[in-house]
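Nothing in this text is a laboratory measurement; each read-out follows from the coordinates by a stated rule. Since we're looking at a predicted model, the values are computed, not measured. Cβ atoms come from the backbone with ideal geometry, glycine included; neighbour counts cover every protein chain shown.
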Amino acid sequence: MAKIKELEFEDINTYKILIGEYEENLKSIGRMLDISISSRGGKIFLKGDDERVNLAEIAINELYREISEGFAISKSDVERKIIEVSRKKDGSEDKGERKTNEEPIIVTYRGKKIYPRTENQRKYVDSMYKNEIIFSFGPAGTGKTYLAIAVAVRYLKSGQVAKIVLTRPAVEAGEKIGYLPGGILEKVDPFMRPIYDCLYDILDYREFTKLMTRGVIEITPIAFMRGRTISDSFIIVDEAQNLTYEQAKMTLTRMGIGSKMVLTADLTQVDIQKSGLVELEKILSGIEGIDFVHLDAADVVRHPVVSRIIQAFDRYEKR
């Protein structure tokens, strides 16, 4: 039996932000929970399965409270909130539930507080605080790169490091794209888009541009790491599963005094003949200051269907 629920909100400005332009936020909620949702005159109307309507009510009230406290929200924030309340409901995130007094990693320029969302993500962030070299293994959407960049920006803003160095192998994902025009930054630029997306979500575009111009944020190909000693820096090696053994060995030995290095990898998406990271956990395990963190499908914070896709591929590949 369908349940009908009416929610009323006092602050009309907060209400307008909540529903989004052309009701985009409400449409996302309705689509993800498969319920009917609409708005009129400071009210939101919900209709659908009893449990799904209850989840929508919880998510909407939490979003309204966050907006009232001055935090900006985007469509992706709305989708993440639905995932969050759904996981709490089915108990899959009980152990990873945020403590009320937990400090955010950082607050973005839009006022959004960034927290780890699962227990494994929390272990990952804690490991970055405690260790010098961190390997993060996990499928797409588990927050490997995003959380590393959030911690890197925190370290930069607090003065714990002088710069952020971003690098990744320039490897095509299965297709040949030919020769790329321009200088080295222009050639590397297409491969760095995922990292740019994370930075643009955390930093204002003007601040990001200023930091890039001053060399405080440095983007460099793996090949240009050879021969360097990088001190007082937070180094992020993204897509590290595409490092050869020799590249991995070279990259790990670039660290200077006061630096920290995070290598993110998805060993199910290796685009070279053999990943150099496969044996590293056996070689480096137990060394003080080095930690290996494993994330899985339960830590995916993208659209819920992504988690189901990953689980389906896992089942198929095991067979």
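Rounded to the nearest 500, what is the 222 nm mean residue ellipticity of the chain from helices alone, with -39500 (n - 2.57) per DSSP H run of 4+ residues and division by all residues?
-12500 deg cm²/dmol
So which residue, out of ALA298, ALA240, ALA223, gets the largest mean-square fluctuation from a GNM of the chain using Cα contacts under 10 Å as springs?
With Cα springs under 10 Å in the chain, the top fluctuation among ALA298, ALA240, ALA223 is at ALA223.
Apply the membrane-span-like helix rule to the chain: whole DSSP H runs, Cα extent along the own long axis of at least 18 Å, mean Kyte-Doolittle hydropathy at least -1.0. List the helices found.
Both cut-offs are met by 50-68, 144-157, 304-318.
Rounded, prolate or oblate for the stretch 2-90? Axes are the square roots of the Cα gyration tensor eigenvalues, ordered a ≥ b ≥ c, and the cut-off for rounded is a/c under 1.5.
It is oblate, given that a/c is not under 1.5 and a/b is not larger than b/c.
Pick from SER74, SER233, SER285 the residue whose mean-square fluctuation is largest in a GNM of the chain, springs joining Cα atoms under 10 Å.
Result: SER285 has the largest fluctuation of those listed.
As a quick test, which of the pairs LYS16/LYS113; LYS81/LYS113; LYS123/LYS144 have an alpha carbon distance above 19 angstrom in this structure?
LYS16/LYS113
By per-residue mean of other Cβ atoms within 10 Å, what is the highest-first order of 25-37, 269-281?
Answer by packing, highest mean first, reads 25-37, 269-281.
Answer with a single label: of (i) 58, 45, 34; (ii) 65, 50, 43; (iii) 54, 40, 38, which was calculated as Cα extents along the principal axes in Å from the structure in view?
(ii)
Taking the Cα centre of the chain as origin and charging only Cβ (+1 Lys, Arg; -1 Asp, Glu), how large is the dipole, in debye to the nearest 20?
In debye, rounded to 20, the chain gives about 380.
Hey, how many Å between the Cα centroid of the stretch 199-275 and the Cα centroid of the stretch 61-79?
About 32 Å separates the Cα centre of the stretch 199-275 from the one of the stretch 61-79.
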